[in-house]
Each structure stands twice: as C-alpha cells, then as structure tokens.
Amino acid sequence: MKHLMRSSVICAVLVVSTVLAALAVVPAARANKPIREVGPQEDTLITDQCAFPVNAHIDGVEINTIFTDKAGTPIKQVVVFPGNTLTLTNLDTGKSITVGGTGSFQARAEPDGSVTFMVTGQGTLPNNPFTGEPGIWYLNGGRVVVTVDAEGNITSAELAGKLVDLCPQLAS
C-alpha cells in the first residue's frame, strides 16, 4: 500500500478510505503477527490540490507495518519514510521543488469506527486539516494529528509545527 501522506500527499477523506480499505484486506491468518512491507514508492499525479496538475516523485523507501488484534482485524498502521525526499513538479510549466520527506505516518482504528492519523517529521498533506483549504501542505518538522469519525468527518485536529502550502511556489 502506498501513501503519499508522509511526505505523505493525500486528502483527509482519501486517506481515510485508502487506509481503511487497506486495513480491511489484511488476511486473518496473520492476525497476531504484524505485516511488514518495504519498498519504493510510485510517482503520483495530483490533479485536485493546486490550480494545475502536479507530479509527486519520492526518492526513498516506504516501510509499512500493519498490526491486527487476535481476531485478525487491523487496528494500527505505522509507515516510516527514512531519508526520503519529495520532488513536486508543476506539469504545466515544468517548475519543480524538492523538499525533505523523512518522517512517519500512523493510523489507529477505534472500535467506534473513528480513525486517528498522525504525521510526524517532514511531509506533505493534501488539504489543510484545519481549514479544509486545498493545497499541498508541507510540514517542515513537527506533528499533525487528525481524528475522523466513521463517516470521514474531521472531529479533531492538532498541529505542532508549521504548515506551508507549496502550490504558490510551484505556480511562480
């Protein structure tokens, strides 16, 4: 499972559905042993965050670990991105910027259907989780914690650090 929400590049609702879908397909045969996958990340085309299409290219690997309860139900996901960089390219103009993408992404499913997401370190987020404003929001060190209910609505959001929208830099 690939996530751009690390250097992470994804909308809260998209993240919720992606993580929940991935967590739902974990085989029950591995109920007590965490599932660990290590691999490169694929380029992603971002068409709904800036006023122009953006290609996101990640240099580095993703280490994805999914934990389950005794019944085999996924309850937690931890993804780390050691030493990664993210290059964003405006596909209309060719302008690129490269930012650090070292950090982690965590998701924890709760019994009530809510999910808490946490991004730490350096990374990108689609849509500002505090204002809902579209953009490619960059966290240059710090932590963002977002909880969504079972319907995908944000119920809480916390920020330690600074978020900067990278779309204006890509546009100029």
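Bear in mind that the values in this text are calculations on the coordinates, not laboratory data. This one's a predicted model, so the numbers in the text were calculated from it and none came from an experiment. Cβ sites come from the backbone with ideal geometry, for glycine too, and all protein chains shown count toward neighbours.
Ordering 99-108, 83-92, 151-160 by mean Cβ neighbour count within 10 Å, with the highest value first, yields 99-108, 83-92, 151-160.
Geometric descriptor of the range 47-172, per residue, is 111 Å³ (volume of the convex hull of the Cα atoms). Once the C-beta distance of residue 70 and residue 164 is scaled by a Förster radius of 45 Å, the resulting FRET efficiency is 0.60 to the nearest 0.05.
Provide the percentage of antiparallel DSSP beta bridges, counting only those with both residues in the range 12-171; round to the nearest 5. If I count the DSSP bridges inside the range 12-171, around 100 percent turn out antiparallel.
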